[in-house]
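*Asks:* To start, I am sharing the structure in question, which I have written as structure tokens.
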Amino acid sequence: MYEDDDTEGSPAEKASDPATRAQEKADEFRTHAELAAVFEGCRKFDAELRPGLDADLARDVQRTIAKLEKSRLGETPLILETAMDDAKRLLDLPKSAGLSTSDYHIHRRPGEVMILRLLAGDEVDIFYTRLQAHFEAALAGFRDDERNSLSWKDKDAQVEAYLDALDKITMNLTERYLREPLREHGLIALTTQSADELNINYLCDHLMGVAASDLVGSASAPPDEPTERDLAWFFKLFSLRGSIDGVERMCFFVFMQKADEGW
């Protein structure tokens, strides 16, 4: 999802504030952990790709989620009371639209894909467990890599401060994603992340464990020897979460469009 920093010098050497640089890496790993937890269903939990999501339903979800994005409380992810009915309607789609949970429901147009994934109950517990595990694994690996890459150098105060800052980072993602407040107070939250040019093969091969043609369709899939442009898709993930009738639920909606389609 993100590119390795291949410019000269280590992160510690380039950062004016080592603690800020370390925190930025942690935030990067958090967003990557969310992608991994959202998209690993086929590899880890026997989730299925289900093309054929009703076009009217897909467009309704797209319009509603866009409305909810504009209906948050200030700079928080919390949905305003005036938009709660719309949010609950999306979270209740397994019941109202008869959609299976865990699976990836897909609506395709040439050069465009919408994906809907719904979780409920124990599936939400698993999601948060996997989210935390992905984050901690990425951070631990990065810490080791940074110490190994810097061990041969004479460490100055900034490098030492950077390594110490990495060691001190902790992040409880259930707290970061407001899980307990949502459950205790009946709130609903919406967060997003996006990329102007996501590598479609990275998403499909690495995260999902499926062929790109199975996700986006053979006409939109990259060729066997793709160029960077062939692989580039605009990507936006919406993560809606709350409870319906005492059952914790999540609704993930993804909009993707080929970068060469003039979005």
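The values are calculated or read from the model by the stated rules, or taken from the named source; none is laboratory data. Keep in mind it's a predicted model, so treat the numbers as computed, not measured. Cβ placement follows ideal geometry from the backbone for every residue including glycine, while neighbour counts extend to all protein chains displayed.
*Asks:* Filter segment 205-263 down to residues that are among the hydroxyl-bearing types (Ser, Thr, Tyr) and not in a loop (DSSP other than H, G, I, E, B) and give me whichever is nearest to residue 176 (Cα to Cα).
*Replies:* At the first step, the residues of segment 205-263 found to be among the hydroxyl-bearing types (Ser, Thr, Tyr) are 213, 218, 220, 227, 239, 243.
Those left that are additionally not in a loop (DSSP other than H, G, I, E, B): 213, 239, 243.
Values: 213: 35, 239: 13, 243: 17 Å.
Top of the filtered list is 239.
*Asks:* Now for a different question. If you go through segment 84-106, how many residues are touching a Leu at 6+ places or on another chain (Cβ under 6 Å), of a type outside the set (A, V, I, L, M) and assigned to a loop (DSSP other than H, G, I, E, B)?
*Replies:* Final tally of qualifying residues: 1.
*Asks:* Quick one: which residue in 30, 21 is within 28 Å of residue 101 (Cα to Cα), part of a helix (DSSP H, G or I) and either modelled with pLDDT under 95 or under 21 Å from the mean Cα position of the chain (by Cα) (or both)? Steps first, please.
*Replies:* Working: 21 fails: within 28 Å of residue 101 (Cα to Cα).
Unique residue meeting the criteria: 30.
*Asks:* Okay, next question. With respect to the numbered conditions (1) of a type outside the set (A, V, I, L, M, F, W, C); (2) exposed (fewer than 13 other Cβ atoms within 10 Å of the Cβ); (3) modelled with pLDDT of 95 or more, which one is the sole condition not fulfilled by residue 262?
*Replies:* (3)
*Asks:* Among the residues of segment 36-80, which ones are without any contact (Cβ under 8 Å) to a residue 12 or more places away in the chain, closer than 20 Å to residue 182 by Cβ and in a helix (DSSP H, G or I)?
*Replies:* Scanning segment 36-80 gives no hits.
*Asks:* Of all residues in segment 196-249, which are closer than 24 Å to residue 123 by Cβ, in contact (Cβ under 8 Å) with a residue 60 or more places away in the chain and among the small types (Gly, Ala, Ser)?
*Replies:* Listed by number, the residues that qualify are 209, 239, 242, 243.
*Asks:* Can you say whether residue 190 is in a helix (DSSP H, G or I), in contact with an Asp or Glu (Cβ under 8 Å, 6 or more places away or on another chain) and either more than 19 Å from residue 75 (Cα to Cα) or at pLDDT 95 or above (or both), as far as the supplied structure shows?
*Replies:* In short, no.
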